[in-house]
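One structure is given here, and the rest of the page talks about it.
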Amino acid sequence: MEFERISKFFGAHRVLVDLDLQVQPGEKVTLIGPSGSGKTTVLRLAMTLEKPTGGDIRIFGESILFDSAGKPLSTSQEARIRRRCGMVFQQFNLFPHLTVLQNLVLAPTTVLRQSKEQAENTALEYLRMVGLEGKVHAYPAQLSGGQQQRIAIARALILKPEILLLDEITSALDPELAGEVLDVVRGVAHETKVTLLIVTHEMRFAREVSDRIAVFDAGRIIEQGSPDKIFSYPECDRTRAFLQSVLNH
Ligand SMILES: Nc1ncnc2c1ncn2[C@@H]1O[C@H](COP(=O)(O)OP(=O)(O)OP(=O)(O)O)[C@@H](O)[C@H]1O
Ligand SMILES: [Mg+2]
């Protein structure tokens, strides 16, 4: 995935400034930085939930904004690209009136047109992966926040995204439940080839799971590098100040 000179304005407010970011297939990259620095906006752009004001974004070498003639992509072209990315949000967004199993088979049976049986078998496989096979027939309200988030991760993975975008998926959770969710992501990171683009305030987790960390400040990447470099030998004063504030929190 490549962001090339991406700028983004909301009205007169400049949120991303000539952003360049590359993520290699299978790479695990984490975006950290102060609130409002533009991290979520980057993920939303990758998901085509927002359009940049300038620049181009390519996924697997293909622009997610323009066709080969330079015209904006149609809704169906966009939908095809979006299917290659999955996203999990801070709020789990499960359908409250559907059981766990029904939540998990919805997209495979409608979007991918799988048979109910096939979708249910796959759903059970992913439920095992997130350690919740006992909850197939539960409704979201009968699950803890951590369990709901693990279901949300399974729901994203079931569509076999090549890139998985995770936006502060533990920040609505108590530390213990957050730990369960992070364990699931660790498993995904180690056992699958999925490319991960993560936004998190959990610095220990970022350090453990990432191949590379990009530090955001005011719509720019101020520095990036291996977790060891960023946490042990940060170059920018801003990075040091940010890390100090979150690590002492
Ligand atoms: N839809 C929108 N309309 C107007 N302004 C927006 C919109 N979405 C984001 N912004 C602004 O863009 C800036 C960057 O927001 P973004 O959500 O990307 O930050 P962030 O780094 O994810 O912050 P946090 O760590 O608090 O989640 C903020 O100043 C925010 O207020
Ligand atoms: Mg955010």
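The values are calculated or read from the model by the stated rules, or taken from the named source; none is laboratory data. Computed from a predicted structure; not experimentally measured. Glycine also receives a Cβ, built like all others from the backbone with ideal geometry; neighbour counts cover every protein chain displayed.
Being modelled with pLDDT under 95, within 18 Å of the chain's Cα centre (by Cα) and surrounded by fewer than 19 Cβ atoms within 10 Å (Cβ to Cβ): is that true of Arg113 here?
Details: modelled with pLDDT under 95: yes; within 18 Å of the chain's Cα centre (by Cα): no; surrounded by fewer than 19 Cβ atoms within 10 Å (Cβ to Cβ): yes.
Considered against the rule, which asks whether it is modelled with pLDDT under 95, within 18 Å of the chain's Cα centre (by Cα) and surrounded by fewer than 19 Cβ atoms within 10 Å (Cβ to Cβ), Arg113 comes out as no.
Candidates in segment 95-110 are the residues that are in contact (Cβ under 8 Å) with a residue 24 or more places away in the chain and surrounded by 19 or more Cβ atoms within 10 Å (Cβ to Cβ); of these, the one that is farthest from Leu173 (Cα to Cα) is Pro108. Residues in segment 177-193 include none that are among the hydroxyl-bearing types (Ser, Thr, Tyr) and under 18 Å from Thr40 (Cβ atoms). Only one of the numbered conditions (1) small (Gly, Ala, Ser); (2) within 15 Å of Glu4 (Cα to Cα); (3) within 16 Å of ligand 2 (Cβ to nearest atom) is violated by Gly36, and that is (2).
Can you find even one residue in segment 144-154 that is polar (S, T, N, Q), closer than 27 Å to His97 by Cα, exposed (fewer than 14 other Cβ atoms within 10 Å of the Cβ) and within 16 Å of ligand 1 (Cβ to nearest atom)?
Step one: list which residues in segment 144-154 are polar (S, T, N, Q), which gives 144, 147-149.
Filter again for closer than 27 Å to His97 by Cα, leaving 144, 147-149.
Retained after the next criterion (residues that are exposed (fewer than 14 other Cβ atoms within 10 Å of the Cβ)): 144.
Those left that are additionally within 16 Å of ligand 1 (Cβ to nearest atom): none.
Within segment 144-154, not a single residue is polar (S, T, N, Q), closer than 27 Å to His97 by Cα, exposed (fewer than 14 other Cβ atoms within 10 Å of the Cβ) and within 16 Å of ligand 1 (Cβ to nearest atom).
Of all residues in segment 162-173, none satisfies being surrounded by fewer than 21 Cβ atoms within 10 Å (Cβ to Cβ), small (Gly, Ala, Ser) and without any contact (Cβ under 8 Å) to a residue 60 or more places away in the chain. Checked against (1) touching a residue at least 24 places away in the same chain (Cβ under 8 Å); (2) under 24 Å from Ile198 (Cβ atoms); (3) within 16 Å of ligand 1 (Cβ to nearest atom); (4) loosely packed, with under 14 Cβ neighbours inside 10 Å, Val42 meets all criteria but (4).
Rundown of residues vs (1) within 26 Å of Arg5 (Cβ to Cβ); (2) of a type outside the set (Val, Ile, Thr), yes/no style:
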site: Asp167; (1), (2): yes, yes
site: Leu173; (1), (2): no, yes
site: Val185; (1), (2): no, no
site: Val209; (1), (2): no, no
site: Ile222; (1), (2): yes, no
site: Lys229; (1), (2): yes, yes
site: Arg238; (1), (2): yes, yes
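Across segment 94-110, the number of residues qualifying as closer than 18 Å to Arg84 by Cα and more than 22 Å from the chain's Cα centre (by Cα) comes to 2.
Pull up segment 122-143, narrow it to residues that are free of Cβ contacts under 8 Å to residues at least 40 places away in the same chain and β-branched (Val, Ile, Thr), then point me to the one that is surrounded by the fewest Cβ atoms within 10 Å (Cβ to Cβ). So that I can check it myself, show each step before the final result.
Taking segment 122-143 first, the residues free of Cβ contacts under 8 Å to residues at least 40 places away in the same chain are 122-128, 132-138, 142.
Checking which are β-branched (Val, Ile, Thr) leaves us with 122, 136.
Values: Thr122: 20, Val136: 15.
Top of the filtered list is Val136.
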